[in-house]
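K.L.:
My structure is below; once you've seen it, I'll send some questions.
The values are calculated or read from the model by the stated rules, or taken from the named source; none is laboratory data. Everything quoted here is computed from the prediction, not taken from an experiment. Ideal geometry is used to build each Cβ from the backbone, glycine not excepted, and the neighbour counts take in all protein chains shown.
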């Protein structure tokens, strides 16, 4: 009778006591969680940097297609440019990276670094050069040609940006926000589920 009493006191899965997850499964779940978190954060960060923040600040994205600014700004990068008026463009400094029209009023633009600030006929002009170029650009840049000041760049994103419309980018931003929120809720709920299983 004594032996029977001790045996019946041992809980079994049939008594409703949950089994513990194998250690390997817990480790795999943890790795999957980390990977998902990194991917969601990276995707969200890219969309914030290339869509949400520029929209909020009134900045514009442009794609770099040549290697003249390599390695500072590699080909395929998306540069985020703060627009400048001609008056604002009078106050730029050596070392800043600007986007400017090759010809005043033209559509073709270049993103290069200011290497010197000069004056011609009482007007401020800039000498520019690509970081990867051996020589400076042949013509000085007038303030009226300056489209804007480069605030930052995101490597490789320019390739994707050329294939997507502004509307698709906005939708992508909302999707990223939803994914990030869903992941946060899931991470918060996981400890509660684990805690409930121990009671």
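K.L.:
Among the numbered criteria (1) crowded, with 19+ Cβ neighbours inside 10 Å; (2) more than 15 Å from the chain's Cα centre (by Cα); (3) free of Cβ contacts under 8 Å to residues at least 60 places away in the same chain, which single criterion is violated by residue 64?
P.N.:
Residue 64 satisfies all of (1) crowded, with 19+ Cβ neighbours inside 10 Å; (2) more than 15 Å from the chain's Cα centre (by Cα); (3) free of Cβ contacts under 8 Å to residues at least 60 places away in the same chain except (3).
K.L.:
Being in a strand (DSSP E or B), surrounded by fewer than 19 Cβ atoms within 10 Å (Cβ to Cβ) and within 30 Å of the chain's Cα centre (by Cα) is the filter here, so list the residues in region 125-146 that pass it.
P.N.:
Within region 125-146, 129 is the sole residue that qualifies.
K.L.:
Of the numbered conditions (1) loosely packed, with under 15 Cβ neighbours inside 10 Å; (2) at pLDDT below 95; (3) under 21 Å from residue 60 (Cα atoms), residue 151 fails exactly one; give the number of that condition.
P.N.:
(2)
K.L.:
Given the options 99, 94, name the one that is outside any helix (DSSP H, G or I), surrounded by 11 or more Cβ atoms within 10 Å (Cβ to Cβ) and without any contact (Cβ under 8 Å) to a residue 24 or more places away in the chain.
P.N.:
Result: 94 is the single residue among 99, 94 that is outside any helix (DSSP H, G or I), surrounded by 11 or more Cβ atoms within 10 Å (Cβ to Cβ) and without any contact (Cβ under 8 Å) to a residue 24 or more places away in the chain.
K.L.:
Kindly evaluate residue 73 against the criterion of being part of a loop (DSSP other than H, G, I, E, B), surrounded by 11 or more Cβ atoms within 10 Å (Cβ to Cβ) and at pLDDT 95 or above.
P.N.:
yes
K.L.:
Of the conditions (1) more than 18 Å from residue 108 (Cα to Cα); (2) assigned to a loop (DSSP other than H, G, I, E, B); (3) under 22 Å from the mean Cα position of the chain (by Cα), residue 55 fails just one. Which one is it?
P.N.:
Only one criterion is unmet by residue 55, namely (2).
K.L.:
Being in contact with a strand residue (DSSP E or B) (Cβ under 6 Å, 6 or more places away or on another chain) and either within 22 Å of residue 143 (Cα to Cα) or outside any loop (DSSP other than H, G, I, E, B) (or both) is the filter here; which residues of region 76-91 pass it?
P.N.:
Across region 76-91, the qualifying residues are 78, 79, 80, 81, 82, 83, 84, 89, 90.
K.L.:
Among the residues of region 51-61, how many are modelled with pLDDT of 80 or more and touching a strand residue (DSSP E or B) at 6+ places or on another chain (Cβ under 9 Å)?
P.N.:
7
K.L.:
Applying the selection to region 45-61, what residues are in contact with a helix residue (DSSP H, G or I) (Cβ under 7 Å, 6 or more places away or on another chain) and over 15 Å from residue 160 (Cβ atoms)?
P.N.:
Those that are in contact with a helix residue (DSSP H, G or I) (Cβ under 7 Å, 6 or more places away or on another chain) and over 15 Å from residue 160 (Cβ atoms): 52, 60.
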